[in-house]
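The values are calculated or read from the model by the stated rules, or taken from the named source; none is laboratory data. Note that this is a predicted model, so its numbers are computed, not measured. Every residue, glycine as well, gets a Cβ built from its backbone with ideal geometry; the counts of neighbours run over all protein chains shown. In case anyone asks, the SASA skips ligands and DNA or RNA and just uses the protein heavy atoms, side chains included. Shrake-Rupley method; radii C 1.70, N 1.55, O 1.52, S 1.80 Å.
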Amino acid sequence: MPSNEHFTEYCQQVSQQIRWKRVRHVVAQELEQHLCDQQDAYLEQGHDADEAARMAVAQMGDAQMVGQALNQTHRPQTPWLPMFVILVLLAVGLVLQSVLSPDAIWALPYGIAAAAFFLGYFMDTSLLGRHAGKVYGLVLALSLLALFRANIILNVELAGHGFAVLSLPPFNIMLGNLALIFPMAYGLFVYRMRNRGMLGIVYCGLAYLPFAGILLWIPTIFGFLLYTITSVLLLYTAIWQGWFQVRRVRGLALALIPPLMCCGVFLVTLLSSENLQFRSFRIDLDGHLNNQVRELIAQAAFWGEGSGDLSTIPNLETDYSLLYGIHHFGLGPFLVLMLLSVGLCIFCIRRGLRQQSMLGKLLVLAVSTTFVLQVLSYGVTNLGYGLFGAISFPFVSYGGTALVFNALLMGCMLSVFRMGPWVRDAVTAVQKV
């Protein structure tokens, strides 16, 4: 039709003025829809199609001027506050690791993490939505392959924390840290199953099980709990928002069955099995190491250096970086760091819930929940009340795999904020239940 030719040419001229190439196509689509609506209004007034199209274009205004105006409003939105907090955490981590590991190549993981962060930050997160099922399948396949080739090593110093180590010289990849990636992969699967009714919820329940099984086999209690809590939160959010188009009570009850079954099997195995791999889950709140940590905390000052001796604490750079900071700088800076980290998560979750797209909400919730659970678990462990081994304190504690995964996740989350309303949901067929 002649009108389509008018609109296409006009929209192309307008979109070429927008420097941010990722939004050109979306802006052109919305602008063409607006022109079609205006054309319909002129058609109702008695004008023919070609004349109505010309009048709609004329009413819109000069293409170059409209494009320049749209270019001013359609720009990436740099999330300055989260960026600032992440830079603070990185600075704290660099200072602590330079002291705790002066002879180690601790700077290399930070360099790799920086690359991972920018990879996630400049990624078009809409691509994750368009290939959500494939991303889930790829993460699962690579995890199973890595687990098949890994060596299981039990940590006798930290209750409830074993290690599956995949050796790829010169790197050793700690597979327990896959718990950081699993929630986002699962969130993408939930996104893929939206609009599929009760059957979609069933599929989401089944999709929860493989990752949970991997984490139990490694084994890592915290990784399993982190993944389970985050997965239930993501699925419950999707059901509560009406994305599955089912009754909330029925959907929420159905979604809880697989995690409860998995937790039940885990508890029975934990209490009855004599297998050393599962006995590594034993929780020891009043263990010797926890007592030592609490004694050191009691000898710390609120500001400044404490009087304790850290020489008997193992794995300071990985598991007790905050304890080292408390000993040398006081409990005050520790509290500031914890409040800053938790505040970052609250800010991101609130902003994530305001996202217009389902994809943006799920990605932000997955990353924020993963982040805050790490912060809280690591903080409690460094105060001497940890029930089991924590994974890391993001960007602060040493650990190449966790550092890179956290950097990639935070980059993806900030990419959602950067793109703002231009994170678009993939179109799926609505299935009625």
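Before moving on, here are some points about what is shown:
- In region 300-418, counting only helices (runs of 4 or more DSSP H) that sit wholly within it, the ones holding 3 or more residues that are among the hydrophobic types (A, V, I, L, M, F, W, C) span 321-329, 331-353, 358-381.
- Single residue of 376, 323 found to be among the aliphatic types (A, V, I, L, M) and either surrounded by fewer than 16 Cβ atoms within 10 Å (Cβ to Cβ) or within 19 Å of residue 409 (Cβ to Cβ) (or both): 376
- Residue in region 287-301 that is at pLDDT below 75 and either acidic (Asp, Glu) or open to solvent by less than 80 Å² (accessible area, probe 1.4 Å) (or both) present: yes
- Of the helices (runs of 4 or more DSSP H) lying entirely inside region 1-73, those containing at least 1 residues that are over 18 Å from residue 421 (Cα atoms), modelled with pLDDT of 75 or more and of a type in the set (Gly, Ala, Ser) span 24-44, 49-60, 63-73.
- Test: residue in region 174-190 that is among the hydrophobic types (A, V, I, L, M, F, W, C) and at pLDDT below 85: yes
- Qualifying residue in region 26-38 (condition: in contact (Cβ under 8 Å) with a residue 40 or more places away in the chain, surrounded by 13 or more Cβ atoms within 10 Å (Cβ to Cβ) and of a type in the set (D, E, K, R)): no
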